[in-house]
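Written out below as structure tokens is the structure these notes cover.
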């Protein structure tokens, strides 16, 4: 009975005209998904892929798998000639009988204060194709006029994001952004569906634990706060990174999960994985969440022209391939 209640609650959420951003445990590996101002901040051409299976094992009373499946691809790069960064995000999300395919174009104007400090001001335009198969929904009130249709409905939803981001290399970063600012909507079946406006605040700080040693060792606490102006959720993470090669840590998501995470950096590649232990009531019907990350960065080094300021247009040269760390 409890299982039926929990599944009904999850499926009912699928039919409501609201929206929840994809949840990422390794949010610190690619800031551009939540904030366009991170585009071009790594002084490298970077391509990243996330894959996430949330609450796996979750099924409806007919045995259909309804746990969320998500995939994200991002590529971003600096354009030094115009002090900017650009990026492209492609997102796929499937929860039960609802799925979304989205594309987002990111642009950031980058202000360089010196060799290590910069400020990004970003804007993104997104298009989301949302579809819901109403014939598969299991509802507690079959006579609900909003859910009477037995067909699959879909709609295209455009929107904008805006964000700012400050970073000091190997020291700290902080970003503030708003997504779905227009709160655009579309008719899907009998439901007027519109993504909610969301606010994100993220920050991280690098604590050097081996200043006098040849090999670096950093403790990196970070957090991500998410709000739709009605509810607030946050992630708190602490990880240790050794010699720009290995990292491992733990994370806590308020009223949802505790996670273990680890990764490795090899010749420009970054590989990460995390497992969430569900702490909410869903732990009785799910087996937690798993997330994997794969990224590659091709390092670029801006060479400042003599007599120019740091925010002028620098030349660029190619270096040998090596990993760049996310800030």
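Results, tabulated for the structure shown:
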item	result
Verdict on residue 245 being without any contact (Cβ under 8 Å) to a residue 12 or more places away in the chain, loosely packed, with under 14 Cβ neighbours inside 10 Å and over 24 Å from residue 289 (Cα atoms)	no
Set 290, 236, 188, 271: member being closer than 30 Å to residue 58 by Cβ and buried (at least 19 other Cβ atoms within 10 Å of the Cβ)	188
Given (1) out of contact with any strand residue (DSSP E or B) (no Cβ under 6 Å at 6 or more places or on another chain); (2) surrounded by 14 or more Cβ atoms within 10 Å (Cβ to Cβ), index of the condition residue 211 fails	(2)
Hits in the range 207-231 (condition: more than 19 Å from residue 31 (Cα to Cα) and either within 17 Å of the chain's Cα centre (by Cα) or not in a strand (DSSP E or B) (or both))	209, 210, 211, 212, 213, 214, 215, 216, 229, 230, 231
Which numbered condition residue 83 misses (of (1) touching a strand residue (DSSP E or B) at 6+ places or on another chain (Cβ under 7 Å); (2) on the phi < 0 side of the Ramachandran plot)	(2)
Residues located in the range 179-202, provided they are out of contact with any strand residue (DSSP E or B) (no Cβ under 6 Å at 6 or more places or on another chain) and not in a strand (DSSP E or B)	183, 190, 194, 195, 196, 197
Single residue of 189, 194 found to be closer than 22 Å to residue 137 by Cα and more than 21 Å from the chain's Cα centre (by Cα)	189
Failed item, numbered, when residue 253 is tested on (1) more than 22 Å from residue 206 (Cα to Cα); (2) under 17 Å from the mean Cα position of the chain (by Cα); (3) touching a residue at least 24 places away in the same chain (Cβ under 8 Å)	(1)
Leading residue by the ranking (nearest to residue 111 (Cα to Cα)) among those in the range 164-179 that are crowded, with 19+ Cβ neighbours inside 10 Å and within 14 Å of the chain's Cα centre (by Cα)	175
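Each reported figure results from applying straightforward, stated rules to the coordinates on display, with no laboratory input. Note that this is a predicted model, so its numbers are computed, not measured. Reconstructed Cβ throughout: ideal geometry from the backbone, glycine too, with neighbour counts over all protein chains shown.
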